[in-house]
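The values are calculated or read from the model by the stated rules, or taken from the named source; none is laboratory data. As the structure is a computational prediction, the values presented were derived from the model and not from experiment. Heads up, the Cβs are rebuilt from the backbone with ideal geometry, glycines too, and the neighbour counts pull from every protein chain shown. When the accessible area is computed, the model is the full protein with side chains, heavy atoms only, and any ligands, DNA or RNA have been set aside. Shrake-Rupley method; radii C 1.70, N 1.55, O 1.52, S 1.80 Å.
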Amino acid sequence: MIIYSIVFHSCSEDNDDKISQANITFNFSHSWDDSSITNANFNTIQFTSEHGEELSITKLRYLISRITFENTTGEIFTLDGYNLVDVTNNSNLSFAPTNTIPMGTYKKVSFIFGFNNEDNYNNNYLDLNSSSWNVPAMLGGGYHYMQLEGKFIDNTSTEKGYAYHVIRAADNSVNPPIFEDTFFEVDLGEITISNNATFNVNMNISEWFKNPHIWDLNSLNNTLMPNFDAQILMFKNGQGVFKLE
């Protein structure tokens, strides 16, 4: 069990109602295995994938939503809003929802990577629309879950770009098209909250390229959004990307 707390400075009886509620903050950090990454590490080929390609990162943005706390009696509390983490521009690395949750023990704390189908329906989020986060209608509409881009050295020793974009899997080769969910829940485990709480969540970017499927950038580097099979592989590789620190 991991307990996160910060000191409350007001303890008068008049504030009992406020003290029983906790403000929640999520901080997002990034790494390549054991090495921390910020946007200061972008635009330079300095990482090596499990398959052996040397690569850089030039863009990393991803969406998290539906932060949810389930207590020991099964009652569920979902925090308002969503957050487009933009590592490239060093923005939204911290997310503090406006609503609070009761203090206590929660048997499960989780969030959704991307949007679930209910939230991903139509394109009604003006801030995401202005951030060019939309998915084309021919691929089902809605929004991206992640944009990871950069350069890599291919098997001819040539520098080449890659665009590892995660969306809901769509197969337009059949009529009607086939869609498969690729959002996933990140389970952070059991938490006891005794005061305002900060969760430090790390994304290990290297995991997108190695587990359980070793990613070959020579064959899967661009035009991945309409590639149904590639989206399923991304979904599977994403399961171990996030960890609570």
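If you go through the range 187-224, how many residues are part of a loop (DSSP other than H, G, I, E, B), crowded, with 20+ Cβ neighbours inside 10 Å and under 18 Å from the mean Cα position of the chain (by Cα)?
Total meeting the criteria: 0.
So which residues in the range 99-133 are more than 18 Å from Ile67 (Cβ to Cβ) and without any contact (Cβ under 8 Å) to a residue 40 or more places away in the chain, if there are any at all?
Answer for the range 99-133, where residues must be more than 18 Å from Ile67 (Cβ to Cβ) and without any contact (Cβ under 8 Å) to a residue 40 or more places away in the chain: Tyr121, Asn122, Asn123, Asn124, Leu126, Asn129, Ser130, Ser132.
Please enumerate the residues belonging to the range 127-156 that are closer than 11 Å to Glu53 by Cβ and in a loop (DSSP other than H, G, I, E, B). Reasoning before the result, please.
We begin by selecting, within the range 127-156, every residue closer than 11 Å to Glu53 by Cβ; these are 150-155.
Within the range 127-156, Asp154, Asn155 qualify.
Restricting to the range 225-240, and then to whatever is under 20 Å from the mean Cα position of the chain (by Cα) and free of Cβ contacts under 8 Å to residues at least 40 places away in the same chain, can you tell me which residue is most open to solvent (accessible area, probe 1.4 Å)?
Restricting to residues being under 20 Å from the mean Cα position of the chain (by Cα) and free of Cβ contacts under 8 Å to residues at least 40 places away in the same chain, the top hit is Lys236.
Applying the selection to the range 157-174, what residues are under 28 Å from Thr38 (Cα atoms), aliphatic (A, V, I, L, M) and not in a strand (DSSP E or B)?
Within the range 157-174, the first condition is being under 28 Å from Thr38 (Cα atoms), and the residues that meet it are 157-168.
This time we only want the ones that are aliphatic (A, V, I, L, M), so: 163, 166-167.
Hit for the range 157-174 is Ile167, nothing else.
Scan the range 90-126 for residues that are of a type in the set (Ser, Thr, Tyr), part of a loop (DSSP other than H, G, I, E, B) and under 17 Å from Asp80 (Cα atoms) and jot them down. First the steps, then the outcome.
If we filter the range 90-126 for residues that are of a type in the set (Ser, Thr, Tyr), which is where we start, we get 91, 94, 98, 100, 105-106, 110, 121, 125.
After this cut, where a residue has to be part of a loop (DSSP other than H, G, I, E, B) as well, the list is 98, 100, 121, 125.
Matches in the range 90-126: Thr98, Thr100, Tyr125.
Considering only the range 77-109, state which residues are charged (D, E, K, R) and either open to solvent by 50 Å² or more (accessible area, probe 1.4 Å) or touching a His at 6+ places or on another chain (Cβ under 9 Å) (or both). Outline the logic, then answer.
Within the range 77-109, the first condition is being charged (D, E, K, R), and the residues that meet it are 80, 86, 107-108.
Result: Asp80, Lys107, Lys108.
Can you name every residue in the range 110-164 that is closer than 30 Å to Thr198 by Cα, of a type in the set (A, V, I, L, M) and surrounded by 15 or more Cβ atoms within 10 Å (Cβ to Cβ)?
Answer for the range 110-164, where residues must be closer than 30 Å to Thr198 by Cα, of a type in the set (A, V, I, L, M) and surrounded by 15 or more Cβ atoms within 10 Å (Cβ to Cβ): Ile112, Leu128, Met146, Leu148.
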